[in-house]
1. Looking at the range 63-93, which of its residues are farther than 12 Å from Leu34 by Cα and either among the polar types (S, T, N, Q) or assigned to a strand (DSSP E or B) (or both)?
2. If the requirement is being closer than 15 Å to Leu81 by Cα, modelled with pLDDT of 95 or more and more than 12 Å from the chain's Cα centre (by Cα), which of these qualifies: Ile32, Ile3?
3. Name the residues in the range 97-113 that are of a type in the set (Gly, Ala, Ser) and within 15 Å of Val138 (Cβ to Cβ), would you?
4. Quick one: count up the residues across the range 69-98 that are surrounded by 18 or more Cβ atoms within 10 Å (Cβ to Cβ), over 19 Å from Asp9 (Cβ atoms) and among the acidic types (Asp, Glu).
5. Of (1) modelled with pLDDT under 95; (2) within 14 Å of the chain's Cα centre (by Cα), Thr99 satisfies all except one. Which?
Amino acid sequence: MKILIGVDDSPHSKAAIEFVRKMTWPMDTTVIVLSVVQPVVVAYAEVYAPTVLPPETMEGMTRVHQEIASNAERTLQAASLTTGARVLQGDPRTTLIETAHSEHIDLIVVGSHGRTGLAKLLIGSVASHVVTHAPCSVLVVKLERR
C-alpha cells in the first residue's frame, strides 16, 4: 500500500501525521510525506515594480518545508513505517493530486482546517479539492473539538 500524506506546519497536519502513526497498516506500506512550497504572489501598484521574490526568500521557505517534511518522516519512522519525504513547489491542491497520479498512491491523508464560508472561498480548501479530484481514496483528519 502507498500512502501520501500532505503536511504543513499546522496543528491539523500534525493531527493527520499522528493518525497515520497510530494506525495499523499492511506490512508493505510506504508513506510518502509531501510538503508543498506555495509560490508567493507579490503585487505592486506601480507597473514597473519587480514582482519576483528574491531567491533567498524561496530558499528559506523551501528549508522550512524540508524541516516540516523531515520531522513528519521521523515521527512515522519511529512507528516502524517505511517513509520518503519530498518538498515540491506549486499549488498544494494540484501538487497532491499530480503526485498521487505519478506515484500510483492508494490513499491520500490530509488534515482539515475546517474553513467555511468566505474564508473557504478566498483561501480555498486543500482537503475539499483533494477529495473531489483524487484518483484514489482520501482520508481527511479533523482536530477534536474541545
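The values are calculated or read from the model by the stated rules, or taken from the named source; none is laboratory data. Owing to the predicted nature of the structure, the values given are computational and were not obtained by experimental measurement. Neighbour counts run over all protein chains shown; Cβ positions are idealised from the backbone, glycine included.
1. Across the range 63-93, the qualifying residues are Thr75, Gln77, Ser80, Thr82.
2. Testing whether each residue is closer than 15 Å to Leu81 by Cα, modelled with pLDDT of 95 or more and more than 12 Å from the chain's Cα centre (by Cα) leaves just Ile3.
3. Once the filter is applied, which keeps residues that are of a type in the set (Gly, Ala, Ser) and within 15 Å of Val138 (Cβ to Cβ), the range 97-113 yields Ala100, Gly111, Ser112.
4. 0
5. The failed condition is (1).
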